[in-house]
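This report concerns only the one structure given below.
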Amino acid sequence: EYYKRVKKIWSSELYARNKVNAHNTFALPLLTPTFGILNWTKDELAQIDIKTRKILCMTGSFHRNSDINRLYCNRNKEGRGLNSVVDTYTTRIISLSIHLLKQSDSHKYLKAVLEHENDSIMRQSKGFQTELQLNLREVEPREASLKAKDALKEKHHEAWSKKPQHYYLFKTRKPAKG
């Protein structure tokens, strides 16, 4: 169903910005409820991203020689604004682990879930937080998710801006007025 929606969105006659918004709000939410429930591997998530980019190439919305990091950068930093499946998984696991930590004291079932998931979700979350250099102990789950998403988008921007071939035109361009 995810791939059907991706094909339908990217083969439509919408403008590119609207296609990205439709992808982020119509196709990607099909996968997010499964994060934390199904045991996804990084390779499976990366393959979903690769197949998504192949669909974008087939529909003429993304060139295969274009930079992948620019595709996942924010639009206000000259990126395309698409949300990656891997990045969405990362932010979802971080916010889920913080939710479990905060709510496990007041709910006996969540306490049991926390004890059961200590090896998987909590371990993954700690790994993601150290990778992104985030300290999210005292924040709410939604705020943690936003901070993780911003850190991932910034990571994509840094990777893209360090590539002279891809970033050259954007460095020499004058910023838009207004």
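Descriptive notes on the structure:
- Every residue from segment 121-152 that is over 25 Å from G81 (Cβ atoms) and open to solvent by 100 Å² or more (accessible area, probe 1.4 Å): R123, K126, T130, N135, R137, E138
- Residue check: H63 meets all listed conditions (1) open to solvent by 50 Å² or more (accessible area, probe 1.4 Å); (2) free of Cβ contacts under 8 Å to residues at least 40 places away in the same chain; (3) within 13 Å of the chain's Cα centre (by Cα); (4) over 30 Å from H116 (Cβ atoms) but one, namely (3).
- Where helices (runs of 4 or more DSSP H) fall wholly inside segment 83-138, the ranges with 2 or more residues that are in contact with a strand residue (DSSP E or B) (Cβ under 6 Å, 6 or more places away or on another chain) are 85-103.
- Just one of the numbered conditions (1) of a type outside the set (A, V, I, L, M); (2) closer than 16 Å to A148 by Cα; (3) under 17 Å from the mean Cα position of the chain (by Cα); (4) open to solvent by 50 Å² or more (accessible area, probe 1.4 Å) is not true of T90: (4).
- Residues located in segment 121-171, provided they are of a type in the set (S, T, Y) and at pLDDT below 80: S161, Y167, Y168
- All of L14, L56, L114, L38 fail the test of being closer than 24 Å to R142 by Cβ, modelled with pLDDT of 80 or more and not small (G, A, S), apart from L38.
- The residue that is nearest to L82 (Cα to Cα), counting only those in segment 35-54 that are open to solvent by 60 Å² or more (accessible area, probe 1.4 Å) and in contact (Cβ under 8 Å) with a residue 12 or more places away in the chain, is K51.
- Near pairs, Cβ below 7 angstrom, 6+ apart or cross-chain, from segment 1-22 (in contact (Cβ under 8 Å) with a residue 24 or more places away in the chain and at negative phi) to any residue that is part of a helix (DSSP H, G or I) and open to solvent by 80 Å² or more (accessible area, probe 1.4 Å): Y3/K51; R5/F26
The values are calculated or read from the model by the stated rules, or taken from the named source; none is laboratory data. In this text, all values refer to a predicted model and were calculated from it rather than measured experimentally. Every residue, glycine as well, gets a Cβ built from its backbone with ideal geometry; the counts of neighbours run over all protein chains shown. With ligands, DNA and RNA removed, areas are computed over all heavy atoms of the protein, side chains included. Shrake-Rupley method; radii C 1.70, N 1.55, O 1.52, S 1.80 Å.
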